[in-house]
Structures are given as C-alpha cells and as structure tokens.
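Chemist: Got a structure for you, written out below as structure tokens; questions coming shortly.
The values are calculated or read from the model by the stated rules, or taken from the named source; none is laboratory data. Bear in mind that the values here come from a model prediction, so they are computed numbers and not experimental data. Cβ atoms come from the backbone with ideal geometry, glycine included; neighbour counts cover every protein chain shown.
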Amino acid sequence: MLQRFLDPSVLAGISGLDLVAKTVVDGFISGLHRSPDFGFSQEFAEYRMYSPGDDLRHVDWNVFARSEKMFLKRYRGETNCQVSVLLDASRSMKYGSRGMEKMEYAKFLAASICYLAHLQRDAAGLIVFDSEVRQFVPPSTRQGQIMRLLHGIDSAQTGAETVLEKPFAHLVDYLRRRGLVVAISDFWENPETVIKTVGPLRSRGNELILFHVLDPQEIQPKLRGPVLLEDLESGAKMEVSPDYVSHEYKGKMSAHLEDMKSRAAGANIDYFMVDTSRPLDEALRQYLAIRAGRL
Amino acid sequence: MGFLNPWFLGGLIAVGLPIWLHLLKRHKTDPQPFPSLMFFEHREQSSVQHRRLDYILLFLLRLLMLVLLALLFAGPYINRLTAKGAGKKLLVVAVDRSFSMRTKEGTSTRLDDAKAEALNVLSKLPPGQPAQVVALGDTLQAMTQQTTDPGELRGAVSAIKESDARASFGELSRYLRTLTESTKTPLDVHLVSDLQKSGMPPGFTDVRLDQDTDITFHPIGKVQPNWAVETVIAPQHVYDPKRVRISATVTGFSAPAATRTVTLLMNGKTIQSKSVTVPENGRGSAEFTGLDQASYGFNRCEIRIDSADGLPADDRYAFSVERTDPKKVLFMDDGRRQDAQQFFRAALNATDDAAFQLEVLRPEVAATSDLSKYAVVVLNDLGSLPPGLDSSLQKYVTNGGSLLEAIGPGSAVALPRVPVLDEAIDGTSYASREGERFFTVSDVDTGHDVMKNVERFDGVKIYLAVNVGTAKSRVLARLSNGKPLVLERKVGEGKVLVFTSDFGAANNDLPRHYAWVPFVQKSVAYLGGGGSTEQPTNLAVGEYVELRTGNEKGAQAEVQDPDGQRVLSLEEAAQARNFELTREGFYEVRTAGGKRSLVAAHANRKESDLAVIPQETLDLWKATGSSGPVNASGQGTGSEGNTTPWSLSPFILLVLLGVALAESVVADRYLRPQAQPQETKAA
C-alpha cells in the first residue's frame, strides 16, 4: 500500500518538498524494521578494552560491576559524516515524458537524501549546478538546516547546458572535509569525461555516488513515426526515424550506460542508474547500502 | 450514364477528410524536445522522404475509397442497348384454332379467314428475319421452329386445322414469356384470332408480357348471335327407362329472344322434340322423361337444337347412358326385427334411378346361396351366424364383394368379434334414463362418400351401441362417448361397412330421422360401385379420362376415338393413367381394371360466347409488353431501339474491396514501427 505513494507520479502531486521527503523517507524507514541488513544511527557496535586516556563516560559500568574489568561501548552512530548533494540543473533535466520532469524527480531524490541525513544527524549540504554553481548550502547539522536544504532544492531552476568540467572544478573548493558526495545528473556527456571530471572528488577521500537520472523515453524512445527532435540544451533539430531509434540508438544508449557503469566501477565510484518511472525508494536503498557499508 | 440516387454524390465532400489528414495536418511538424541528440546522426533525412511517399500512397487510396463509396451509394448505371435495340426480332404468328373459329362468316369459317390473315402477315416478313408459327387452343402447338424459310412458314399456317378446344390467351402469354426468356430475343407477335372474351384468364396478370414483346392483334369475324345447348343433365345409368328424366339448357349468347326446337336423339334416332323459348341473352330449358327406346348397354344420345346461327357445332350436345339391370342387394333378416327391413327398403327405393333392388333372405338360406351375384350384402344384427355363413361372407368380401353390417345387442351377446371386419366386441354402451339418456354423434368424417349429405347425423339419438374395437378399421363417425358408430375396412378386394347399432328403431332413432335415407343410399352406392365413386362419362373437350388407379400393374387400357381408331400406343396402353379428350364425340374406353364405358365429349361451352375482348383490355394487354405508348389503333410504336439500365454497382464494389485491402496493407506498413518497441520490451 505504501509503495503506491512512492511512485514518482504520485509524489509529483504532493505540493511541499518537505512533505515529499518525509513521505518517502518515513515510509521507507518503517519498511526497514523487517530488514536486518541495515543498521544505522546510535546502534551498539562492539566492546573495547579500556585504555588510559579514554573517556570514562563511555565505560560500561554494569560490566565492570560484574567482572571488575573496564570495557568501553562503541556505537556506530557516534561518528557523523558530511553528505553533499550535487544537483544538476541543466536544461536537459527539464525533459520528462510521463508527466514528470527529470528535474522534479532529481529534486525528490535530493530532498529525500537530505532528509535521511538529517534524521541521522549527518551534516548535509547542497550544491545546484549547471554550467556554473548556482546554489550552495554548506553542510551543517544546525537547527533549520533541513529547511534550508529543502528550500534550496525547491528553488533550483533549470538553466544552461551541462558542462561538468567547469562546476566540478570549483566543487573541490567547496568540499573541504571528507564525506559522502551524491551527484544527481543525467550525465549527457562522454562517460570518460564524466569520470574524469568527478574523479578528483573521490581522490580526496570522499565517497562518491552517481545517480544517473534518465527518463524511460531517453533509454528506449518510442516513436510512432519519423519525428523532428530538438536538443533541449543546444537547440539543434534533427529528423529521426523509428527504425533508427529502435536499432542504432538503442545500441548506442546501452553501450553508453554500460560504459558509465564500468568506468565508475573502475574509479571506485558508486554508480546507480535511476529510471524516473521507478519508485524513489530504490534509489534510497542504494544510498543506504553504501552509507551503511562504507562509513 | 446516370445515377439512381444522385444525392448520395454529396458524400464526395468527405474527400476533404483525407486531404486534411494528409496534407494540412502533415505541415504541422512541431519539433519534439529531447534531452540530447548526441546519439543521433544526420542521415535520417531519407526516412522523411519515405514517410512522404507512404503518405501520398495512403492519401490516394483513402481518397479513392471515399469516391468509390459515394459512387456506390449513388447507384451508377449505364444505358445499354439490348438485343431489341440491335434490331434482332423474332416474329411469332399465333393462329387461333379454337372451337369458336368454326363460326361461319359468309362462305368461309373464321379459321379460314385467320389463316389468310396469317399468310398476309408472313408475306410482309423481311428476308432473313426469323419467324415461328404457333396454333392456339387450350395449349400452344408450335407448328414450326424458328426459321427464315417463308415456304415452311406458309406451309405451317396451311396445316393448321380446326379443333374443339377452347382458346386460352393466358397460355399464349405464358408461352411468349418462356420464349423471350429462352431466346433472349424481343418478340414481334401477331395474334390472329376472334379474340373471344371467354379466352381471357381470370387474372389479368396471367396475360402479362415481357417488356421486349410487342403484340399486334388481328381480329377475325364479327359479333353475331349464337344459340347453343349449354348443359344436359342425364343419368349415367338407366335401370328403369320409365323413370329416366333428362333436362337440357339452351342459351342464347348476344342473341335476341327466340323459340328453338330441342330434339333428343338416341343412337341416331329422334326420340322426342320440344319447343323452348329462349329469352334475349338468356336460357331456356327442356325436360324429357322416359327413355323406353334405350337398349341394354351403352346408348349414344344427343340433344340438338335448330339454331341456324353461324356456329352450328354447338347446336349439338352428346351424352351417353348405359341401360342395365338394377344391382341386387341382399338383406339378411332373421325375422326378429321386421321394421329394420322395411326402413331399409323404403330408403333404398327413394332414389330416382332405382339402381338397386332389395332381396331379403333368412341367414340359413343365405348361407347356402351364391353371394357373388349380389352387389351388396346387408346383415342386420343377426346374433350368432348359421354354420358356413361366416366363411361364405369372408370369401365373398375377399373376392370383391361389399358387406354392410349392423351390429346390435344380439350380436354383442352372441359374437366375440365382428364378422369379416374382425374387430373385437367389448360389450355395449347403454344410455340409461337416469344418466345421459342418449348418445349423439360428435365426430363425423364428412369427406367420406358415405358421410356426405347425412348432415353430421345432427339430432340423431343413439340409445344403445355396441363397443367395437378400431385396431384395423377406419372410423367414419363416433358417438359422444368416443365409441365408434360407423367403421370401414377393406378386406381383400372388397369393403366392409359396420354400423354399431341396429337398423331398427328400438336402439336408435336414425331410421326415423332425415339422415337415414342419404345414409342408406350413400352406403349402398359406395359399396355397390355407383354414385360419386364412378367416373363421369359426359365430359368437356380438354378434360381427362382416368385409365388406371395404379393398382392394375401390366393391365392394358384401351381407348377408341369417335372414328373408332385406337388412340393409345402400346406403351400408353400399359402405363398411361389418363387420356385427354381432344375432340367432340363418343370415346369407347376400357380401363386397366376392365371396366368399360362410353364417354361423350363436347366442346367447352365458353366457346359459344362470341363476345369480343374490349379494346381497352387489348390496349392494356399490349401495354404490358411495350414500354412505348400505344397508338389509337391499338398498335404499338414498334421497336426503334431499346435501352436497359445496367448497374455498375457490382464492379464498383469489387474495386472498393480491392482498394480497401490495399489501404489496409499500406496503413499497416506505416503503423508497424509503433508495435516494435513493445515487442522489444517483452523480449
């Protein structure tokens, strides 16, 4: 029943971004109670023998009373990380064939990730970019941070074409502390260029997750006949035939996705292709798997 | 070329639909946004060209479909010249040779004049035009096949002989319709006839002609007064010559009042003469009583009048009578119920012709008598039969005799089964005074000869009836309680008729009822071989004489015409069921069953009425065969050329089906790519 509310087309009907994020994340978390694979937050992790200099507040005095030995309790959630969400606002993100633009889906995804980080007391930040960095919300755990993030996401508008090199060169300056970098984009660029552009973020000790947001019509276009297509970013027009789309384009697109995936894996970057027709929790599940396993 | 429903051509406006779909809508090529064209190439210009070709072909096909649909509904036709228009005609000369054509017109007969007129028509026949000569009577006789030989045609006309048949213009029209249908050729018909009004069929549609038939009338003769012996009522058999009564009706057609002498002749001798006054256009009758001069056997009789008119052939009316002894009816009476014998005798003697003579014997005497000399044997509630009578009756009936049994209470007590009928006797049905008091007759087979004129036994009261089984018999009448009253069964060659009460007045009141006399007379006549079961011997020309009933296998029938010549071939004598009387006179007939009779044939008296068909009727008749106007003389405008509308709808429908098929194929090719991604997805 809840799954129905995670459908992107249903979420698009919800007016407030905070409400969308809350709906997605709360429903998703409540579904995780049955899953033992993922633990997070202030969970007990292990005992460690006391060493001089350790904080006595973490000594388990109950164990000491029974065994007269001092052990320290360690928790997984004791270490917060910095989550930076990079949201692509290029013109190509304006495309949508199912009543929902990719940009809107990307906003939901970004908001959900920010809300999830907020629940975990992680410091979440936001960078909206196209050919330039359009918005920047520094990572923080301060009160009202979530609202700032959601406002930033909500106010993001699609603008110029995607030029990854330029904004990512500046992003390094914004991400001074190692953490988790989540890039949400349609990555209409050569995979080699993409990986080469985002690679430096990984090299500074960040965990990098690429959410490749694509519309089903981009992956597998369905044309009823020869049509005139217009490039959303460059404005170029081209007549294409259904035969070409169903054969050559499909092959090229599959190769492109495969190339993206392999190159990301080669650069130790987590890559996840998101189909806007799929529910949002699939992307969140991917995010949490990485978040729980790596940090 | 024309259209049956030209307003449907307004449907051509729908042609604008594909024009809008293919031409106007096509120019609205709004570009569709797409995120990136990085995977597309510029070589797809050819696909647009392909699409345009597809569109043009589809456009033309759809345009053609709409035009064809509009044409189909409009019902196009072209006027095609028929064979008639091409000048090919078949001349048909029909010469009336009916009985009325014997009428004298001056020194010649009407048939002579008709033949002369027919030759006159043939003399104007253009060389090379096919023609045919037919003789008109009650049936059509083709005197020639279609031929262009004038000599053969003239010879055929000369060979036409007078007949005693009546004219049938309905038969002529039927023949002409068949001829038109078979030859597919327009007909130019010349009817040479006295055009008797009586020759027209009852319904005018029977003389309807096909549209390509042009008929021209050549009237022969004039209306003149005619007297004729119209009918003669005479007995077929004479048993007592003194009681014979013969009546003749003399009719005047278009004739003034006159007194005519009516003469009865028998075997060529004048027997009696009487004067009859015939009113204007009316009838007079003469009655002759007594036929003492009749000799045993068949007698050739004739009623003749002295009319002195133009048609003397109808002044004679032939009929035959057979003088014979009355048939014997044996009434077995044991003396217990004298009233039954008296009732039966009184009823039998009430007939005019005294065809049957009643003899009364006691059962014991009858058991030793030769029953074969009796036409009918009657048993009246004998009770137990004397020894030998049962087997004697059985043999008599099996050999063709007839038995009438009254089964009363005496038989119910003494006999377990009805003699010869062989049906079980199961007690009696007695209507008590306390109960229903009497039974009535509720169910009567009025189609049977015995049950005719008995008025359904209305009012007859049956107080006691014997319950007889019906396993082998046919029930002719039932009582109100469902029990049979009259039964019949055929045994061997003979018949048995059973009445389940007695012929006295004690157990029923039938003998005192008016139904008693016709019941007795019809029963005896039916069993004894007279009355309506006998074939009539006075018939009109054109009627048929029955030669066999179907049971006489291999037996020969024989017919001698008025000239004494045998008219049946060997095959006809062995197989023919009927024989048609074709001329007036006496025919000696022996049926396959061996029965001999003298059949008298006379011409149909409708031929005696020489009244002519009104001109309006002739014009109407002519108009049925010609679409053109009829001129004042009643003759058509001829055949200057004739066209018939020829519908093009079947061909347009065929083309439309082909175009629809082509459109489906082209449209399918065009729409095929939209199904392909789904297949890929499923894969």
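Chemist: Six or more apart or on different chains, Cβ atoms under 8 Å: show the pairs whose first residue is in region B:447-465 and within 9 Å of residue B:515 (Cα to Cα) and whose second is exposed (fewer than 15 other Cβ atoms within 10 Å of the Cβ).
Modeler: Going by the 8 Å Cβ cut-off, the qualifying pairs are B:455/B:514; B:456/B:446.
Chemist: Which one is farthest from residue A:93 (Cα to Cα), of the residues in region A:191-232 that are more than 14 Å from every other protein chain (Cβ to nearest Cβ) and polar (S, T, N, Q)? It would help to see each step written out before you state the result.
Modeler: Step one: of region A:191-232, the residues more than 14 Å from every other protein chain (Cβ to nearest Cβ) are A:195-211.
Narrowing further to those that are polar (S, T, N, Q): A:197, A:203, A:206.
Details: A:197: 19, A:203: 27, A:206: 25 Å.
Of everything passing the filter in region A:191-232, A:203 is farthest from residue A:93 (Cα to Cα).
Chemist: Taking residue A:151 and the conditions (1) out of contact with any helix residue (DSSP H, G or I) (no Cβ under 6 Å at 6 or more places or on another chain); (2) modelled with pLDDT under 85, which numbered condition does it fall short on, given that it satisfies the others?
Modeler: Going through the list (1) out of contact with any helix residue (DSSP H, G or I) (no Cβ under 6 Å at 6 or more places or on another chain); (2) modelled with pLDDT under 85, residue A:151 breaks only (2).
Chemist: Only one of these is within 32 Å of the chain's Cα centre (by Cα), more than 21 Å from residue B:612 (Cβ to Cβ) and not in a strand (DSSP E or B): B:210, B:206. Name it.
Modeler: Residue meeting the stated conditions: B:210.
Chemist: Another question about this same structure. I'm trying to understand the selection: among the residues of region B:292-338, which are acidic (Asp, Glu) and either in contact (Cβ under 8 Å) with a residue 40 or more places away in the chain or over 18 Å from residue B:260 (Cα atoms) (or both)?
Modeler: Let us first name the residues in region B:292-338 that are acidic (Asp, Glu), namely B:292, B:302, B:306, B:309, B:314-315, B:322, B:325, B:333-334.
Residues satisfying the conditions are B:292, B:306, B:309, B:314, B:315, B:322, B:325, B:333, B:334.
Okay, residues lined up against (1) touching a Gly at 6+ places or on another chain (Cβ under 9 Å); (2) at pLDDT below 75; (3) surrounded by fewer than 19 Cβ atoms within 10 Å (Cβ to Cβ); (4) more than 8 Å from chain A (Cβ to nearest Cβ):
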residue: B:24; (1), (2), (3), (4): no, yes, yes, yes
residue: B:56; (1), (2), (3), (4): no, no, yes, yes
residue: B:59; (1), (2), (3), (4): no, no, yes, yes
residue: B:74; (1), (2), (3), (4): yes, no, no, yes
residue: B:77; (1), (2), (3), (4): yes, no, yes, yes
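Chemist: Tally up the residues in region A:167-200 that are among the basic types (Lys, Arg) and under 22 Å from residue A:214 (Cα atoms), please. Steps first, answer last, please.
Modeler: First, the residues of region A:167-200 that are among the basic types (Lys, Arg): A:176-178, A:196.
When the remaining residues are screened for being under 22 Å from residue A:214 (Cα atoms), the result is A:196.
So the count comes out to 1.
Chemist: Moving to a separate point now. Those residues that are part of a loop (DSSP other than H, G, I, E, B) and either modelled with pLDDT of 90 or more or of a type in the set (Asp, Glu) (or both), I need them from region B:445-459; list them, please.
Modeler: Listed by number, the residues that qualify are B:445, B:458.
Chemist: Separate question: Here are the criteria: (1) of a type in the set (A, V, I, L, M); (2) free of Cβ contacts under 8 Å to residues at least 60 places away in the same chain; (3) out of contact with any strand residue (DSSP E or B) (no Cβ under 7 Å at 6 or more places or on another chain); (4) more than 25 Å from residue A:180 (Cβ to Cβ). Tell me which single one residue A:70 does not satisfy.
Modeler: (3) is the only condition that residue A:70 fails.
Chemist: Let me ask something else. Scanning for something more than 7 Å from chain B (Cβ to nearest Cβ), in a strand (DSSP E or B) and touching a helix residue (DSSP H, G or I) at 6+ places or on another chain (Cβ under 9 Å), does region A:257-270 turn up at least one residue?
Modeler: Yes - at least one qualifying residue is present in region A:257-270.
Chemist: Something else now. Consider region B:492-548. How many of its residues are within 26 Å of residue B:325 (Cα to Cα), among the hydroxyl-bearing types (Ser, Thr, Tyr) and crowded, with 22+ Cβ neighbours inside 10 Å?
Modeler: Matching residues across region B:492-548 total 3.
Chemist: Which one of these is basic (Lys, Arg) and surrounded by 19 or more Cβ atoms within 10 Å (Cβ to Cβ): B:300, B:283, B:260? Steps first, answer last, please.
Modeler: Details: B:300 fails: surrounded by 19 or more Cβ atoms within 10 Å (Cβ to Cβ); B:283 fails: surrounded by 19 or more Cβ atoms within 10 Å (Cβ to Cβ).
Going through B:300, B:283, B:260 in turn, the sole match is B:260.
Chemist: On the given criteria, is residue A:141 within 12 Å of chain B (Cβ to nearest Cβ) and among the β-branched types (Val, Ile, Thr)?
Modeler: So residue A:141 does not fit the description; no.
Chemist: Also, quick follow-up: Would a scan of region A:112-119 turn up a residue that is over 13 Å from the mean Cα position of the chain (by Cα) and not acidic (Asp, Glu)?
Modeler: If we filter region A:112-119 for residues that are over 13 Å from the mean Cα position of the chain (by Cα), which is where we start, we get A:118-119.
If we keep only those that are not acidic (Asp, Glu) as well, we get A:118-119.
Yes, there is a match, as at least one residue in region A:112-119 is over 13 Å from the mean Cα position of the chain (by Cα) and not acidic (Asp, Glu).
So that you can scan it fast, the table gives a plain yes or no per residue for (1) over 30 Å from residue B:233 (Cα atoms); (2) in contact with a Gly (Cβ under 8 Å, 6 or more places away or on another chain); (3) part of a strand (DSSP E or B):
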| position | (1), (2), (3) |
| --- | --- |
| B:466 | yes, yes, yes |
| B:478 | yes, no, yes |
| B:482 | yes, no, no |
| B:486 | yes, no, yes |
| B:489 | yes, no, yes |
| B:498 | yes, no, yes |
| B:520 | no, no, no |
| B:539 | no, no, yes |
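Chemist: Follow-up. Hey, any hits in region A:63-84 for a residue that's under 23 Å from residue A:194 (Cβ atoms), buried (at least 24 other Cβ atoms within 10 Å of the Cβ) and within 14 Å of chain B (Cβ to nearest Cβ)?
Modeler: no
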